[in-house]
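Report on one structure; see the data block that follows.
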């Protein structure tokens, strides 16, 4: 009887330690997701801080593409007003589409490409886009790790009891796989 009681106590202690450990790792992974999304947001903010400078620089050289500038400004406004991760991702995709059209325009106008301020800002924007891509990948990697922990048994039991649920991956908006078309 005494041995059975010792075995039961040991099992309770082991499962208790496992439960606390799993809960703490879920909290840690959840915070890593929040932190990584903040990094994505920081890079989006960098992009949106650059956009007014880019738009003003290009406007002075090329007035006929007002629609592209308006699309960029509207997308930037949508991002600023977005409240959820999904809304921010959708607004960011709008900006990417408008910037893609702007990049096509700069390819078609050699005098625009040669303007020093446009070159500098385009290089900054390209660097920012690369940073955003890296941070999105890191975000999705952290979400994957967290989601695996939430789904795998036996940690799924602890996750369910503690109220942890899956997070959504950052996904590109529909149509962004196609190159933007610019008509003149």
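The rows are residues; the columns are (1) modelled with pLDDT of 80 or more; (2) over 20 Å from residue 121 (Cα atoms); (3) in contact with a strand residue (DSSP E or B) (Cβ under 9 Å, 6 or more places away or on another chain); (4) surrounded by 12 or more Cβ atoms within 10 Å (Cβ to Cβ).
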position: 3; (1), (2), (3), (4): yes, yes, no, no
position: 11; (1), (2), (3), (4): yes, yes, no, no
position: 25; (1), (2), (3), (4): yes, yes, no, yes
position: 29; (1), (2), (3), (4): yes, yes, no, yes
position: 32; (1), (2), (3), (4): yes, yes, no, yes
position: 52; (1), (2), (3), (4): no, no, no, yes
position: 79; (1), (2), (3), (4): no, yes, no, yes
position: 90; (1), (2), (3), (4): no, yes, no, yes
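Is it the case, given these coordinates, that residue 125 is part of a helix (DSSP H, G or I) and at pLDDT below 75? Steps first, please.
Working: part of a helix (DSSP H, G or I): yes; at pLDDT below 75: no.
When the stated conditions are applied, residue 125 does not pass them.
Write out, first by first residue and then by second, each pair whose Cβ atoms fall under 8 Å of each other, whose residues are 6+ apart or on separate chains, and whose first residue, in segment 33-52, is closer than 9 Å to residue 135 by Cβ while the second is modelled with pLDDT of 75 or more and not in a helix (DSSP H, G or I).
Listed pairs, sorted by first residue: 40/170.
Using the structure shown, decide if residue 42 is within 24 Å of residue 140 (Cβ to Cβ), out of contact with any strand residue (DSSP E or B) (no Cβ under 6 Å at 6 or more places or on another chain) and modelled with pLDDT of 80 or more.
Numbers: within 24 Å of residue 140 (Cβ to Cβ): yes; out of contact with any strand residue (DSSP E or B) (no Cβ under 6 Å at 6 or more places or on another chain): yes; modelled with pLDDT of 80 or more: yes.
Spelling it out, residue 42 is indeed within 24 Å of residue 140 (Cβ to Cβ), out of contact with any strand residue (DSSP E or B) (no Cβ under 6 Å at 6 or more places or on another chain) and modelled with pLDDT of 80 or more.
Does segment 152-164 contain at least one residue that is at pLDDT 70 or above, out of contact with any helix residue (DSSP H, G or I) (no Cβ under 6 Å at 6 or more places or on another chain) and surrounded by 13 or more Cβ atoms within 10 Å (Cβ to Cβ)? Steps first, answer last, please.
So in segment 152-164, the residues at pLDDT 70 or above come out as 152-164.
The next check asks that each one be out of contact with any helix residue (DSSP H, G or I) (no Cβ under 6 Å at 6 or more places or on another chain); those that pass are 152-154, 156-157, 160-161, 163.
From the residues that got through so far, the ones that are surrounded by 13 or more Cβ atoms within 10 Å (Cβ to Cβ) too are 156.
So far as segment 152-164 goes, yes, one or more of its residues are at pLDDT 70 or above, out of contact with any helix residue (DSSP H, G or I) (no Cβ under 6 Å at 6 or more places or on another chain) and surrounded by 13 or more Cβ atoms within 10 Å (Cβ to Cβ).
The values are calculated or read from the model by the stated rules, or taken from the named source; none is laboratory data. The structure displayed is predicted, hence computed values, not measured ones. Cβ atoms come from the backbone with ideal geometry, glycine included; neighbour counts cover every protein chain shown.
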